[in-house]
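The values are calculated or read from the model by the stated rules, or taken from the named source; none is laboratory data. Given the structure is predicted, the values throughout are model-derived calculations rather than measurements. Every residue, glycine as well, gets a Cβ built from its backbone with ideal geometry; the counts of neighbours run over all protein chains shown.
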Amino acid sequence: MTPIFKGTTAMLVGITILSVDALLIRLIEASGWTLLFWRGLLSALIIATFMMATRPSQTLSALKKPSKALLIGSFAFSISTVCFVLSIDHTQVASTLIIINISPLISALLAFLILKERVDSRTLIAIVAAMVGVGFVFYGKAMPTASFGNLMALITAFMLATYFVILRKSKSANAPLYLVLGGLCTSMISLFAGAEPFSLTLQEWKYTLLLCGVVVPISFVLISIGPKYLPAAHANLFMLLEAILGPLFVWAVLGEVPSNNVLIGGGIVLLTLVVFTLSAAKKHHALNKKPSSV
């Protein structure tokens, strides 16, 4: 199994699972801070339990002497989580997802500045094509949005890009540890902001456990694996899928009918991802087959 295939598979499966995130947030009527408390705490506990069961010595060692990358990356992930939930609470789901998807552009810039990674023309073309597809989703359709929610989505995009670039730079085997520390940080922030952890109804508990105990930890563990095998801009490109799948899940459950623009944009994004992935795999295969000089 090639690194490209590993990274691509992890990102695609992770993003598909994550795409129900916004829907579940909408179904939970509790305050955003209450949801954030459980989102951070439950996902942190589940991932920490898994890490202690599979690699206890590595986990404890990383916690005793946390690297600068671990601390900054965890904080970036925490802020992205807080801002994402606040954005969903203050503006439309589709608006949040479209704004978040400028993160590949931010990621490419950060990777160039921090990692000195060259962003090739193929990646730039793929990002532009995918962004055009996402833009089709809202082209010509007036949507009332809240400025605060849009600002939160913008901060989410920047923090996600920062998180992915740090993962790429560190190449750490303890990548899920970022999610543990980030989750604990999120819970602490939400408590100070006024979370009421035990105010949930029975139905809200069901959605919360599904979201925070299954969707969030599994999806972000997979998404954290991707940047270990893919350049930051490539890994972030897959995040565009959520902008299409997220609104479709909301439509399926809440009855928000996607417009023709959503279907056209989704087609462009999916086609871009397929062509880009096949091209990257072909290039990787060709490089591996090239005979080494003696």
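Of a type in the set (Phe, Trp, Tyr) and buried (at least 24 other Cβ atoms within 10 Å of the Cβ): does that describe TYR207? Here the answer is no, as TYR207 does not meet what is asked. Of all residues in region 174-188, those satisfying the criterion of being touching a helix residue (DSSP H, G or I) at 6+ places or on another chain (Cβ under 6 Å) and of a type in the set (A, V, I, L, M, F, W, C) are ALA175, LEU177, LEU179, VAL180, LEU181, LEU184, CYS185.
Considered as a group, the residues in region 185-200 that are at pLDDT 95 or above and touching a Leu at 6+ places or on another chain (Cβ under 7 Å) include one that is surrounded by the fewest Cβ atoms within 10 Å (Cβ to Cβ), and that residue is SER187. Applying the criterion of being under 19 Å from VAL275 (Cβ atoms) and either among the aromatic types (Phe, Trp, Tyr) or in contact with a Pro (Cβ under 6 Å, 6 or more places away or on another chain) (or both) to the residues of region 105-136, the residue that is surrounded by the most Cβ atoms within 10 Å (Cβ to Cβ) is ILE127.
Pick out, from region 151-260, the helices (runs of 4 or more DSSP H) lying fully within it that include 3 or more residues that are under 12 Å from the mean Cα position of the chain (by Cα) and closer than 23 Å to SER19 by Cβ.
On the way: elements: 176-193, 202-210, 216-229, 232-237, 240-254.
Answer list for region 151-260: 216-229, 232-237, 240-254.
Selection of helices (runs of 4 or more DSSP H) fully inside region 1-84 by the criterion of at least 1 residues being of a type outside the set (A, V, I, L, M, F, W, C) and closer than 30 Å to THR201 by Cβ returns 3-18, 21-27, 32-54. If you filter region 1-19 down to residues that are more than 15 Å from the chain's Cα centre (by Cα) and closer than 17 Å to ARG168 by Cβ, you find that the one that is surrounded by the most Cβ atoms within 10 Å (Cβ to Cβ) is ILE4. ALA22 satisfies every condition listed in (1) under 21 Å from ALA235 (Cβ atoms); (2) at pLDDT 95 or above; (3) surrounded by 23 or more Cβ atoms within 10 Å (Cβ to Cβ) except (2). Of all the listed residues (THR277, THR272), the sole one being of a type in the set (Ser, Thr, Tyr), closer than 26 Å to LEU160 by Cα, surrounded by fewer than 24 Cβ atoms within 10 Å (Cβ to Cβ) and modelled with pLDDT of 80 or more is THR272.
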